[in-house]
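The block underneath contains the structure these notes are about, expressed in C-alpha cells.
The values are calculated or read from the model by the stated rules, or taken from the named source; none is laboratory data. Computed from a predicted structure; not experimentally measured. In this analysis, Cβ positions are derived from the backbone assuming ideal geometry, glycine residues included, and neighbour counts consider all displayed protein chains.
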Amino acid sequence: MGMSLVEWVYEGSCVRVGFTSRVGGVSEPPYESLNLGSHVCDKPAAVHANRELLAQELAAPIAWMRQVHGSKVLPALLGNEPACDGLMLGSTMRRDAQSGSRGESDMPTAVFTRMRTPARAAAVMVADCAPVILAARDIPWACVLHVGRAGLLGGIVRRTLEDIVPHCTVEKSAGGLTSDDLVAVVGPCICGACYEVPEEMAVQAEKLQRGSTSLTSWATPSIDLRTGVHVQLRECGLSEILDLNRCTFEDERYFSHRRATREAGIGWGEGRTGRFVGIAQLLC
Ligand SMILES: [Zn+2]
C-alpha cells in the first residue's frame, strides 16, 4: 500500500483532475494490472477489486458509465452505470433546459436526478480514446467526457459547452456556467502520428470537424483526436487547456487498444487490453 494509483494533474479550489495508468491493481495479463473496464472480458472480481482500490484512494465512491461512442452527457449519480459518454458533477440542470436547444432528448431530467445520490467523483474509461475533463476553477462543478473518433465527430465537446454548461446551476454561481469559468484537461490518448484510418474515413472526418485529421509518422491518413478536441474547445471560447500530450500507443504506461491489437498480430478491433481512467473529484 501507499503507492498512488492516480496522477493528479490539476487541482483547483473545488475540483481535482487526475489519471490512472496500468500501475497498481490486481488484474492479470493482458489486463495487467489496474484495469478499470468492466466490458473488456477481464475477470469481474478483478475489475471490482481495482475499482474499490481507486475509490479507497479517493475516499469517495465513483460514478461510472457504460460508454457507447455517442454524445449524451448525464448527471453523475451513484448506483447505476448509464449508457452515455459524459458524466457531470456538482450541478443540477435548470428546468427550462429540459426541452433541449437542438430538439433532441439528450438533456438530463430533473426526475432522473432526484432518484439517486449525486456523486462527488466520476470516471471516464479509455485505451486510445481521449479523456477530456472540464473543471470549474472556483465552483464545485466538473464533467468527464469520453472522446473517441465518433464522439469527436458527433461534437460531444462542443455540445457539452454549448447546450449543457450554460444551463448548469451550481451553488455559489449566480447564473449558468460559462467557458470562462472552466479549465479543460486532455489526458493520454492516441496521437495523430499513430492513429491510422482509411483515407475515405479521414476525408469524411475533416468535413465534420476541421483539424481532426493528420498524417501518421509513416505518411498515411490519420485521425488527430487531440487537435480536434482543441478546435472544439477554442471555438466555444474555452482558452485554458491543460494537455498532457501523451500518446497511449507510444507510452507503455497506459493501456492502448491499437497497441494490443498490433502485438496480438490480428486485425484492428480485436486487441484485448484494459482501460485506464480520467477522474474528476469535487473537493468542496
Ligand atoms: Zn502516437
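Total residues in region 228-251 satisfying the condition of being away from the ligand (no atom under 12 Å from the Cβ), surrounded by fewer than 20 Cβ atoms within 10 Å (Cβ to Cβ), under 17 Å from PRO188 (Cα atoms) and not hydrophobic (A, V, I, L, M, F, W, C): the figure is 2.
Out of GLY278, GLY271, one residue alone is over 18 Å from the mean Cα position of the chain (by Cα), under 19 Å from GLN67 (Cα atoms) and either buried (at least 19 other Cβ atoms within 10 Å of the Cβ) or of a type in the set (Val, Ile, Thr) (or both). It is GLY271.
When LEU225, LEU283 are checked against the criterion of being modelled with pLDDT of 95 or more, of a type in the set (A, V, I, L, M) and surrounded by fewer than 16 Cβ atoms within 10 Å (Cβ to Cβ), a single residue qualifies: LEU283. Restricting TYR31, TYR10 to those that are among the aromatic types (Phe, Trp, Tyr) and over 18 Å from PHE255 (Cβ atoms) reduces the list to TYR10.
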